[in-house]
Amino acid sequence: LSNHSHLRLRGALKEDLNPVLLLLFQVTVWLYSVLAFLPSYLFSSVSESDAGLGSEQERAQRLKAQSVTGRPAGPYRAMGATKRLVSSLHPGVDTLDKVFEDASRRFPDRDCLGTREVVMEEDERQNNGKVFKKVILGQYRWLSYAETHKAAARFGSGLAAMGQRAHNNIAIFCETRAEWVIAAQACFMQNFPLVTLYSTLGGPAITHGLNETEVSHIITSRELLETRLKFILLEVPRLQHIIVVDDTPTKWPGYPRGISVHNMATVQELGTNLENGKHTGPMPSDIAVIMYTSGSTGVPKGVMISHSNIIAGITGMAERIPNLGENDTYIGYLPLAHVLELSAELVCVAHGCRIGYSSPQTLADQSTKIKKGSKGDTSVLQPTLMAAVPVRHTYIQYCQCRVANAACVPHQLPLSLLYLTCTQTQTLTPTSWFLLFVEIMDRIYKNVMTKVEEMSSAQRTLFTLAYNYKLEQLSQGRSTPLCDNLVFKKVRSLLGGKTRVLLSGGAPLSAATQRFMNVCFCCPVGQGYGLTETCGAGTISEMWDYSTGRVGGPLICSEIKLKDWVEGGYHSTDTPNPQGEILIGGPNVTMGYYKNEAKNQDFFVDDNGQRWFCTGDIGEVHPDGCLKIIDRKKDLVKLQAGEYVSLGKVEAMLKSCPLIDNICAYANSEEMYVIGFVVPNQKHLLSLAEQYCIRGSWEELCNNAAMEGVVLQVITEAALSAQLERFEIPRKIRLSPDPWTPETGLVTDAFKLKRQQLKSKYQDDIERMYGGK
């Protein structure tokens, strides 16, 4: 188990291991495996051998990609695409309307889109007097593929009857739900470029996107119309029609003159007699989506994505999901305005999967809106596929609500095996942002580890045996049915009990959390890497590769090159692994930014006519062709929850605070928040210390925890006044009694920060500030 030394469980195993108990455990596991699973293992081994696949361990160790030129800089291609990149799932299916048409023809009666009916809503008063909205939900109601296709065709015809024209942009500003996909398919059929906006964007960002794309029609929900959109309507002069996907109300008085509000059903009724009318379908090179980013470093940028771009991306993604087909069920709860969720759902549509919709407030039995004693969405839907994607804007704003913290509490079972249940524990403030899935995974992991340490010696030993035994078996490509059924079944049931693939992309999972998910959820976790500019496609690890810290090899639709970054000290000739800025090329690379030529320098076309995107991320390629992200070329950092933080922006805003002489913001992708190193202004700090009756020498004040807290309060107020987002504000700081000068080696001669040197100097403080999470 030496390769799993990061687990705290190892120490417990060494201390508490009883040789007799160990022998009993191993004999029990061996007998169960032989009697119950040897036949299936032999048959599966024969079939894998016949197919030339080899065992899971052999597949995990095989070469994933190679440099097609033989040079360490690449380009690297997947072993199945060394001769030619793959750009489509099926011959002739080259636009998104054809993808859905093909699926509705192959799977007409198969369930396509599912939504749970609301049985009852009620207000629940808490002990502190607050009132929370709770719901009891029924079963999923399904539209078949044929019904979904018909609904989309009618809606598209209705939009055309209302004056929407081919090649003219139309916007969607809506939560993830079945109507989002129906509306999108309608636009694909009619060749209306679809402008997508996150439902979490602020008013100025929404206004910018709608005005830049000059939309006259927008699709939204009742809630977003009444809480967000209605307040900016006068700032969007071209807007004429608002289509609300909800059935009620049917009349919308009080909106500005010149703007009409319609229900989706009304528009579909308008298109009923026109659905078979003639219209010009899209070409593969036509824009399918203009996808706006979060705008965390300025105004949002619209990424132009063609039909062929998306089809290439979903082709690469689908190849990494084994046995994908109509027996699979996907749960959709992440924002469809993000390319990864949109692509994931299109992958499912192309393969006849069911897509059941959820929300973070109803996802699990313990979610915030689920009434105690009733079932959350995962329990009812029992998905086989799920995205655990810590990507930008997959966070949810909760207003004075309790969060499904998934704190796992052990109870005693026969044979002293561990039984896990979940409880709610944490309260968030109104402005807190919370990434649902990864936060739950990390909290489950941390709470289980804490509870294990609190167990009796016998309990801890047995749980540790099961956990580390399974880790060892996974590393050898073997299953552990006894442990899965007796120890980890309850944890797995949190996601419905049937999940067979979890996909994590965007920000990395920690190695310990990934191992925990592998073990306790009894399914592989595929980590991926991609950007909106590459349709979310770049790399995804193979499902039988249980290594951590890597994002897999290139997809069959894309290739990767490493470009030397001399200033950062990264070269393709580095040993033991080539390193450099990651460049992604292929048919999945998008068309550039909408009306923003100044930003398009990150795209280029090579001599063969292939498009490339310069990511700004630094990576290294391992001998088996897998990629590892090791740095960021710019000072833009993605937190573990997926928010992008511009460290330079944070520093520039906070340097205007009189209390700060200099500041270095710090963050990394394995942590949830920003911290800071601060050189305080001596005059202002001494004044503040006197005000709060904190005494000591200058050095003592800078090392005083109470003083740090007071300064942090001032910094937080300054950050809020500067309109920094909550996730951009340093949550903890270290005061430095010594100024940073070129002589100290912490700044350049121009007094620009040397981040690597500052990180080295304050490494102990970094560990302290993140260690108390």
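Out of everything in the range 648-683 that is touching a residue at least 60 places away in the same chain (Cβ under 8 Å) and in a helix (DSSP H, G or I), what residue ends up being nearest to residue 696 (Cα to Cα)?
Checked the range 648-683; the qualifying residue nearest to residue 696 (Cα to Cα) is 654.
Identify the residue in the range 184-227 that is closer than 22 Å to residue 160 by Cα and of a type in the set (Phe, Trp, Tyr) and, among all such residues, is surrounded by the fewest Cβ atoms within 10 Å (Cβ to Cβ).
My answer is 192.
For the range 319-338, name all the residues that are part of a loop (DSSP other than H, G, I, E, B), closer than 20 Å to residue 110 by Cβ and of a type in the set (Gly, Ala, Ser).
Listed by number, the list holds a single entry, 325.
Identify the single condition in (1) touching a strand residue (DSSP E or B) at 6+ places or on another chain (Cβ under 6 Å); (2) modelled with pLDDT of 95 or more; (3) surrounded by fewer than 18 Cβ atoms within 10 Å (Cβ to Cβ) that residue 329 does not satisfy, given that it satisfies every other one.
Among (1) touching a strand residue (DSSP E or B) at 6+ places or on another chain (Cβ under 6 Å); (2) modelled with pLDDT of 95 or more; (3) surrounded by fewer than 18 Cβ atoms within 10 Å (Cβ to Cβ), residue 329 violates only (3).
Would you mention how many residues in the range 457-488 are closer than 18 Å to residue 499 by Cα, open to solvent by less than 50 Å² (accessible area, probe 1.4 Å) and polar (S, T, N, Q)?
Within the range 457-488, residues that are closer than 18 Å to residue 499 by Cα, open to solvent by less than 50 Å² (accessible area, probe 1.4 Å) and polar (S, T, N, Q) number 1.
Every residue, every condition in (1) in a loop (DSSP other than H, G, I, E, B); (2) within 30 Å of residue 610 (Cα to Cα); (3) polar (S, T, N, Q), yes or no:
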residue: 234; (1), (2), (3): no, no, no
residue: 239; (1), (2), (3): yes, no, no
residue: 248; (1), (2), (3): yes, no, yes
residue: 253; (1), (2), (3): yes, no, no
residue: 268; (1), (2), (3): no, no, yes
residue: 271; (1), (2), (3): no, no, no
residue: 285; (1), (2), (3): yes, yes, yes
residue: 289; (1), (2), (3): no, yes, no
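I need a count of the residues in the range 720-748 that are surrounded by fewer than 20 Cβ atoms within 10 Å (Cβ to Cβ), part of a helix (DSSP H, G or I) and out of contact with any Ser or Thr (no Cβ under 8 Å at 6 or more places or on another chain).
Final tally of qualifying residues: 4.
Quick grid of which residues meet (1) modelled with pLDDT under 85; (2) farther than 30 Å from residue 637 by Cα; (3) in contact with a Cys (Cβ under 7 Å, 6 or more places away or on another chain):
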| residue | (1), (2), (3) |
| --- | --- |
| 341 | no, no, no |
| 351 | no, yes, no |
| 364 | yes, yes, no |
| 424 | yes, yes, no |
| 431 | yes, no, no |
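Of all residues in the range 660-676, which are open to solvent by less than 10 Å² (accessible area, probe 1.4 Å) and farther than 16 Å from residue 732 by Cβ?
none
Does residue 583 count as touching a Pro at 6+ places or on another chain (Cβ under 7 Å), crowded, with 19+ Cβ neighbours inside 10 Å and not in a helix (DSSP H, G or I)?
No, not satisfied.
Residues to consider are 137, 201; find the one that is more than 30 Å from residue 239 (Cα to Cα) and among the aliphatic types (A, V, I, L, M).
Of 137, 201, the one residue that is more than 30 Å from residue 239 (Cα to Cα) and among the aliphatic types (A, V, I, L, M) is 137.
Being open to solvent by 40 Å² or more (accessible area, probe 1.4 Å) and not in a loop (DSSP other than H, G, I, E, B) is the filter here, so list the residues in the range 684-708 that pass it.
684, 686, 687, 690, 691, 698, 699, 700, 705, 706
Within the range 189-222, can you find the residues that are more than 17 Å from residue 303 (Cβ to Cβ) and assigned to a helix (DSSP H, G or I)?
Residues satisfying the conditions are 189, 190, 203, 204, 207, 211, 222.
Looking at the range 295-313, can you tell me whether even one residue there is free of Cβ contacts under 8 Å to residues at least 60 places away in the same chain and either open to solvent by less than 20 Å² (accessible area, probe 1.4 Å) or assigned to a strand (DSSP E or B) (or both)?
No, the range 295-313 has no match at all.
Filter the range 73-84 for residues that are open to solvent by less than 60 Å² (accessible area, probe 1.4 Å), more than 26 Å from the chain's Cα centre (by Cα) and in contact (Cβ under 8 Å) with a residue 60 or more places away in the chain and give the result. I'd like the intermediate steps shown before the answer.
Residues of the range 73-84 that are open to solvent by less than 60 Å² (accessible area, probe 1.4 Å), as a first pass: 73-78, 81-82.
Pick out the ones that are also more than 26 Å from the chain's Cα centre (by Cα) and you get 73-75, 81-82.
Correct list: 73, 74, 75, 81.
Output the number of the condition that residue 316 fails; it satisfies all remaining conditions of (1) assigned to a helix (DSSP H, G or I); (2) surrounded by fewer than 24 Cβ atoms within 10 Å (Cβ to Cβ); (3) at pLDDT 95 or above.
Unmet for residue 316, out of (1) assigned to a helix (DSSP H, G or I); (2) surrounded by fewer than 24 Cβ atoms within 10 Å (Cβ to Cβ); (3) at pLDDT 95 or above: (2).
One line per residue, one yes/no per condition, for (1) among the small types (Gly, Ala, Ser); (2) surrounded by fewer than 12 Cβ atoms within 10 Å (Cβ to Cβ):
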site	(1), (2)
106	no, no
120	no, yes
128	no, yes
138	yes, no
141	no, no
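Output the residues belonging to the range 158-191 that are of a type in the set (S, T, N, Q) and within 19 Å of residue 306 (Cα to Cα). Give the derivation first.
Filtering the range 158-191 down to residues of a type in the set (S, T, N, Q) leaves 164, 168-169, 176, 185, 190-191.
Across the range 158-191, the qualifying residues are 168, 169, 185, 190, 191.
Could you list, in sequence order, all residues of the range 135-180 that are under 27 Å from residue 364 (Cβ atoms), without any contact (Cβ under 8 Å) to a residue 40 or more places away in the chain and not small (Gly, Ala, Ser)?
Listed by number, the residues that qualify are 141, 143.
Output the number of the condition that residue 655 fails; it satisfies all remaining conditions of (1) closer than 17 Å to residue 732 by Cα; (2) crowded, with 17+ Cβ neighbours inside 10 Å; (3) modelled with pLDDT under 85.
(2)
I'm told residue 680 meets every condition in (1) open to solvent by 30 Å² or more (accessible area, probe 1.4 Å); (2) more than 26 Å from residue 634 (Cβ to Cβ); (3) not hydroxyl-bearing (Ser, Thr, Tyr) except one. Can you identify the failing condition by its number?
The one condition residue 680 does not meet is (1).
Name the pairs: first residue in the range 359-388 and under 24 Å from residue 525 (Cβ atoms) and open to solvent by less than 20 Å² (accessible area, probe 1.4 Å), second residue of a type in the set (D, E, K, R) and part of a helix (DSSP H, G or I), Cβ to Cβ under 7 Å, at least 6 apart or on different chains?
362/377; 363/377; 387/341
What about residue 764, is it assigned to a loop (DSSP other than H, G, I, E, B) and either modelled with pLDDT of 90 or more or open to solvent by 10 Å² or more (accessible area, probe 1.4 Å) (or both)?
Taking the combined requirement at face value, the residue does not satisfy it.
Which numbered condition in (1) over 16 Å from residue 119 (Cβ atoms); (2) in a loop (DSSP other than H, G, I, E, B); (3) open to solvent by less than 20 Å² (accessible area, probe 1.4 Å) is the only one that residue 341 fails?
(2)
So how many residues does the range 542-575 have that are open to solvent by 20 Å² or more (accessible area, probe 1.4 Å) and either free of Cβ contacts under 8 Å to residues at least 40 places away in the same chain or outside any loop (DSSP other than H, G, I, E, B) (or both)?
Matching residues across the range 542-575 total 10.
Report every pair of residues separated by at least 6 positions or lying on different chains whose Cβ atoms are under 9 Å apart, first residue within the range 459-483 and in a loop (DSSP other than H, G, I, E, B), second aromatic (Phe, Trp, Tyr) and open to solvent by less than 20 Å² (accessible area, probe 1.4 Å).
From the range 459-483, the pairs are 480/488.
The values are calculated or read from the model by the stated rules, or taken from the named source; none is laboratory data. Quantities reported herein were computed from a predicted structural model and do not represent experimental measurements. When we count neighbours, we look across all protein chains shown, and the Cβ atoms used for this are built from the backbone with ideal geometry, even at glycine. Ligands, DNA and RNA are stripped out before the accessible areas are found, and what is left, the full protein with its side chains, is counted by its heavy atoms. Shrake-Rupley method; radii C 1.70, N 1.55, O 1.52, S 1.80 Å.
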